[in-house]
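To start, the structure under review is shown below, and the notes come after it.
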Amino acid sequence: MRCLYCGEKIIPVVSWGSLFSREEEILLCEQCKDQLTLIEGDCCVRCSRPFDGLAVEYRKGEYCYDCVRWEGDIEWNGILERNRSLYLYNDFLKEVISRYKFRGDYVLARFFCKTLIQVLKDFDYDLLVPIPLSQERLYERGFNQAEALIIEAGLTLTPALKRIHTEKQSKKSREERIHLSNIFTIVNEEDIVGKKVMLIDDIYTTGSTLMHAGKLLKQHGTLSVSSFTIARG
Amino acid sequence: MILDSLRTILAGKQLLREEIPFELVDSPFISKRSGIEFDKKGRAHCNRCGNSDPELFAVFPCARCGKRDTYCRACIMMGRVSECTPQYGWIGDMPEIVAAPLKWSDSLSAGQQVASDRVVEAIVRGEELLVWAVCGAGKTELLFKGIEVALATGKRVCIATPRTDVVLELTPRLKSVFPSIKVSSLYGGADDRHQFSPLTITTIHQLLRFYQAFDVMVVDEVDAFPYSVDPMLQFAVKNARKESSSMIYLTATPSLKWQRECRKGKREFVTIPARFHRRALPVPESVWCGNWEKVINKGRLPAKLLKWIEQRLLAGTPMLVFVPNVAWITKLLPLLQTFDGRVESVHAEDPNRKEKVLKMRQGEILLLVTTTILERGVTFPGLEVAVLGAENRIFTESALVQIAGRVGRDIDSPTGNVTFFHNGKTEAMLKARKQIVAMNIEAKEKGLIDE
């Protein structure tokens with residue numbers, strides 16, 4: 001068995017437990033796993049931003065300052081119920097995600113989809129909706145990194161959204177991202193009316209992508225919107 | 001002309017569509033080779049990097065072709081090669097290579113001259129040659145004449161090395177001696193990749209983007225990690241050469257297999273047994289220091305090593321102390337730092353490696369404790385070297401020769417001490433010493449050193 005990321009041989013530890021129960025498949029070696037930082041303990045209830053290491057002035061009770069701003073804005077208030085991110089977007093995860101979506105190493109989805117399955121247990125939802133790529137970007141990359149998580153998890157996805165081709169998100173500032181006119185359209189309204197939607201994406205940075213998608217879904221009759229991302233930037 | 005631009009980018013290359021910054025036009029001169037092929041047993045093979053290890057292929061639902069595509073994970077860091085993504089190349093006429101006069105007025109040492117003549121010969125005849133030149137012989141200069149001859153006869157030249165630092169060091173030197181041509185400098189993140197040049201200096205990794213491009217391929221430090229152990233890099237070198245081309249290998253420390261081939265006359269080679277400054281190579285001394293691990297674990301320094309270091313701290317002599325691995329750095333460093341503030345350490349993962357090496361060069365650091373990471377490529381004037389735990393397996397014959405080769409490189413301080421502190425001599429230690437002594441004898445016989 002080799003580590004899915006670094007390719008080093010993994011020697012599984014045999015214990016009584018592993019002999020008698022069906023052990024979970026090991027995908028990453030200990031060294032790689034150690035470099036990932038799980039988000040646990042004290043964090044923003046709305047967006048999973050860890051409070052550890054965050055200056056006091058960026059925290060308001062159980063919320064982070066960013067979320068207070070989103071919720072305090074009547075235009076965005078109540079759009080997103082809760083976002084859950086699993087790992088801190090540290091240098092190591094940056095490299096892993098970059099290899100996954102930019103270099104196109106699809107199989108890394110096999111590791112990330114496990115995190116998705118784990119998180120979904122805590123959510124009540126009807127539909128899994130991946131954040132889409134534009135046609136151009138999809139062709140360039142060969143696959144949609146959010147969609148791949150759902151497929152590899154063996155779950156059903158609902159392609160409820162379509163994306164209009166624009167400049168790359170990562171090249172814009174927060175202000176630019178927020179004030180963008182909507183970059184999504186609804187594919188089929190009947191799919192989503194009255195449903196609880198779980199949006200799936202790879203990274204939560206400012207939250208604006210998810211907010212835009214969420215707002216559009218709500219305008220078209222979705223009951224509630226939550227979200228999952230691998231990383232919290 | 002769009003076709004001209006495409007030719008510049010594609011000549012001698014194998015590029016993915018997304019690596020070409022232009023619209024592609026239909027042209028009989030543009031070739032497409034499939035990225036992944038399957039043999040009769042259905043096993044995948046990557047045409048870009050040569051990978052055929054089934055564990056290093058994966059399948060994904062491809063949005064381009066709508067099928068489940070096999071892709072190569074071995075070379076994924078250069079972008080994804082999959083079944084439906086061809087590699088683009090050029091099969092029309094190649095851009096012309098014109099003569100470029102060598103602008104260099106220094107002269108070669110007698111040893112360099114012999115090797116330089118052999119290099120020219122190998123290039124003219126399209127042959128393979130190993131240049132076995134001791135550390136500090138001046139390997140770069142002996143290539144100059146060969147490159148000039150190659151260019152004059154319309155041959156495209158490549159110098160490939162395992163390490164980016166070497167690319168960065170060689171580029172300005174070659175640019176200055178061949179001022180009339182474009183010299184491409186390629187490494188991860190370099191911006192020269194879209195130009196066509198008669199002379200390319202590159203990391204071996206970047207050769208994965210070339211296909212039958214070069215008439216002359218020079219591989220520097222052929223025994224160095226990772227080239228020596230990575231079949232992908234060896235494939236890349238082979239793939240980047242034209243079918244009939246010459247191949248020049250440079251090293252101070254050929255593998256045992258190659259040394260044997262040389263002795264048996266199965267490999268063409270030339271030696272430069274002496275340094276350019278005509279002084280003998282420092283011969284390492286061996287000093288037994290017992291169970292040094294136990295001593296250090298008790299929080300003390302082995303007495304003989306301590307004495308060796310103290311003398312040099314007093315004299316202000318810069319030192320490298322090599323240890324078998326990072327764990328020993330962690331144990332040794334605090335012990336040494338209690339003696340003197342000018343002690344630091346480096347290892348492969350050290351983010352401040354470059355800065356520390358620079359500080360050492362500027363004299364701010366007097367002693368660096370290091371792993372084998374500094375065995376090659378560094379020069380500090382007046383340096384002396386100790387190896388602690390020289391019996392460790394990591395210190396192979398070639399590692400020890402390279403380490404000893406750090407000393408006496410400078411023309412103003414051409415000698416110096418090299419000591420192997422050990423707890424039992426190894427074959428590697430003996431062979432390293434023997435190799436150095438043999439080079440000195442050969443150099444003396446050939447009149448290449450003054451003593």
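The values are calculated or read from the model by the stated rules, or taken from the named source; none is laboratory data. Keep in mind that what you see is a predicted model, and the values were worked out from it rather than measured. Note: ideal-geometry Cβ built from the backbone for every residue, glycine included; neighbour counts use all protein chains shown.
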Search the range A:201-222 for residues being among the small types (G, A, S) and closer than 11 Å to A:L161 by Cβ, and hand back the single one that is surrounded by the most Cβ atoms within 10 Å (Cβ to Cβ). A:A213
Odd one out for B:C72, checked against (1) within 14 Å of chain A (Cβ to nearest Cβ); (2) farther than 30 Å from A:L108 by Cβ: (2)
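Strands (runs of 3 or more DSSP E) wholly in the range B:178-231 with at least 1 residues that are buried (at least 20 other Cβ atoms within 10 Å of the Cβ), touching a helix residue (DSSP H, G or I) at 6+ places or on another chain (Cβ under 9 Å) and aromatic (F, W, Y) - which ones? Outline the logic, then answer.
Details: elements: B:183-186, B:199-203, B:214-220.
Of the strands (runs of 3 or more DSSP E) lying wholly inside the range B:178-231, those with at least 1 residues that are buried (at least 20 other Cβ atoms within 10 Å of the Cβ), touching a helix residue (DSSP H, G or I) at 6+ places or on another chain (Cβ under 9 Å) and aromatic (F, W, Y) span B:214-220.
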Scanning the range B:73-95 residue by residue, those more than 28 Å from the chain's Cα centre (by Cα) and in a loop (DSSP other than H, G, I, E, B) turn out to be B:E83, B:C84, B:T85, B:P86, B:I91, B:G92, B:D93, B:M94, B:P95
Any residue at all in the range B:372-387 that is out of contact with any His (no Cβ under 7 Å at 6 or more places or on another chain), modelled with pLDDT of 90 or more and among the basic types (K, R)? no
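Does A:K60 satisfy the criteria of being more than 12 Å from chain B (Cβ to nearest Cβ), without any contact (Cβ under 8 Å) to a residue 12 or more places away in the chain and basic (K, R)? Please lay out each step first, then the result.
Working: more than 12 Å from chain B (Cβ to nearest Cβ): yes; without any contact (Cβ under 8 Å) to a residue 12 or more places away in the chain: yes; basic (K, R): yes.
The answer is yes for A:K60.
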Are any residues in the range B:345-378 free of Cβ contacts under 8 Å to residues at least 60 places away in the same chain, crowded, with 16+ Cβ neighbours inside 10 Å and within 18 Å of B:A224 (Cα to Cα), and if so, which ones? B:H347, B:T370, B:T371, B:T372, B:I373, B:L374, B:E375, B:V378
If B:G42 meets every condition in (1) facing chain A (nearest Cβ under 10 Å); (2) without any contact (Cβ under 8 Å) to a residue 40 or more places away in the chain; (3) not in a helix (DSSP H, G or I) apart from one, which number is that one? (1)
On the given criteria, is A:L157 of a type outside the set (G, A, S) and either within 14 Å of another protein chain (Cβ to nearest Cβ) or assigned to a helix (DSSP H, G or I) (or both)? yes
Please verify whether A:I10 is out of contact with any Phe, Trp or Tyr (no Cβ under 6 Å at 6 or more places or on another chain), among the hydrophobic types (A, V, I, L, M, F, W, C) and not assigned by TED's automatic domain parsing to the domain that holds A:G154, treating the condition exactly as stated. yes
Residue check: is A:R84 surrounded by 16 or more Cβ atoms within 10 Å (Cβ to Cβ) and either within 14 Å of chain B (Cβ to nearest Cβ) or assigned to a helix (DSSP H, G or I) (or both)? no
Qualifying positions in the range B:158-169 - free of Cβ contacts under 8 Å to residues at least 60 places away in the same chain and either buried (at least 21 other Cβ atoms within 10 Å of the Cβ) or in a loop (DSSP other than H, G, I, E, B) (or both): B:V167
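Residues that are in contact with a Pro (Cβ under 9 Å, 6 or more places away or on another chain) and over 22 Å from B:I272 (Cα atoms): which strands (runs of 3 or more DSSP E) entirely in the range B:365-451 hold 3 or more of them?
Numbers: elements: B:367-370, B:384-388, B:418-422.
Hits in the range B:365-451: B:384-388, B:418-422.
Select from the range B:54-72 the residues that are surrounded by 15 or more Cβ atoms within 10 Å (Cβ to Cβ), of a type in the set (D, E, K, R) and in a loop (DSSP other than H, G, I, E, B) and list them in ascending order.
Within the range B:54-72, B:R64 is the sole residue that qualifies.
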Scan the range B:45-66 residue by residue and report those that are within 11 Å of chain A (Cβ to nearest Cβ) and either in contact (Cβ under 8 Å) with a residue 12 or more places away in the chain or of a type in the set (A, V, I, L, M, F, W, C) (or both). B:D53, B:L56, B:F57, B:A58, B:V59, B:F60, B:C62, B:A63, B:R64, B:C65
Is it the case that the range A:94-109 has a residue that's modelled with pLDDT of 95 or more, in a loop (DSSP other than H, G, I, E, B) and of a type outside the set (F, W, Y)? yes
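Within the group B:L15, B:L6, which residue is in contact with a helix residue (DSSP H, G or I) (Cβ under 8 Å, 6 or more places away or on another chain), touching a residue at least 24 places away in the same chain (Cβ under 8 Å), among the hydrophobic types (A, V, I, L, M, F, W, C) and more than 13 Å from chain A (Cβ to nearest Cβ)?
B:L15
For B:L174, indicate whether it is modelled with pLDDT of 95 or more, surrounded by 24 or more Cβ atoms within 10 Å (Cβ to Cβ) and part of a helix (DSSP H, G or I).
On the way: modelled with pLDDT of 95 or more: yes; surrounded by 24 or more Cβ atoms within 10 Å (Cβ to Cβ): no; part of a helix (DSSP H, G or I): yes.
No; evaluated as a whole, the condition is false for this residue.
Can you confirm whether the range A:10-18 contains a residue that is within 14 Å of chain B (Cβ to nearest Cβ) and assigned to a loop (DSSP other than H, G, I, E, B)? Let's see the steps before the verdict.
If we filter the range A:10-18 for residues that are within 14 Å of chain B (Cβ to nearest Cβ), which is where we start, we get A:10.
From what's left, assigned to a loop (DSSP other than H, G, I, E, B): A:10.
Among the residues of the range A:10-18, at least one is within 14 Å of chain B (Cβ to nearest Cβ) and assigned to a loop (DSSP other than H, G, I, E, B), which makes the answer yes.
Quick grid of which residues meet (1) outside the structural domain of B:N417 (by TED's automatic domain parsing); (2) outside any helix (DSSP H, G or I); (3) within 30 Å of B:Q206 (Cα to Cα):
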site: B:P254; (1), (2), (3): yes, yes, yes
site: B:W258; (1), (2), (3): yes, no, yes
site: B:E261; (1), (2), (3): yes, no, yes
site: B:W308; (1), (2), (3): no, no, no
site: B:T330; (1), (2), (3): no, no, no
For residues that are facing another protein chain (nearest Cβ under 9 Å) and among the aliphatic types (A, V, I, L, M), tally how many sit in the range A:115-149. 3
Return yes when B:S116 is out of contact with any helix residue (DSSP H, G or I) (no Cβ under 7 Å at 6 or more places or on another chain) and either surrounded by 16 or more Cβ atoms within 10 Å (Cβ to Cβ) or within 26 Å of B:S176 (Cα to Cα) (or both) and no when it is not. no
When residues of the range B:273-304 are limited to those that are over 14 Å from B:W328 (Cβ atoms) and touching a His at 6+ places or on another chain (Cβ under 8 Å), the one surrounded by the fewest Cβ atoms within 10 Å (Cβ to Cβ): B:W288
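I'm checking my understanding of the structure. Among residues of the range B:1-39 that are in a loop (DSSP other than H, G, I, E, B) and of a type in the set (A, V, I, L, M, F, W, C), which one is modelled with the lowest pLDDT?
As a first pass, look at the range B:1-39 and keep what is in a loop (DSSP other than H, G, I, E, B): B:1, B:11-12, B:14, B:16, B:20-29, B:34-35, B:39.
Narrowing the set further to residues that are of a type in the set (A, V, I, L, M, F, W, C) leaves B:1, B:11, B:16, B:20, B:22, B:24-25, B:29.
Details: B:M1: 73, B:A11: 95, B:L16: 94, B:I20: 91, B:F22: 84, B:L24: 86, B:V25: 86, B:F29: 94.
Result: B:M1.
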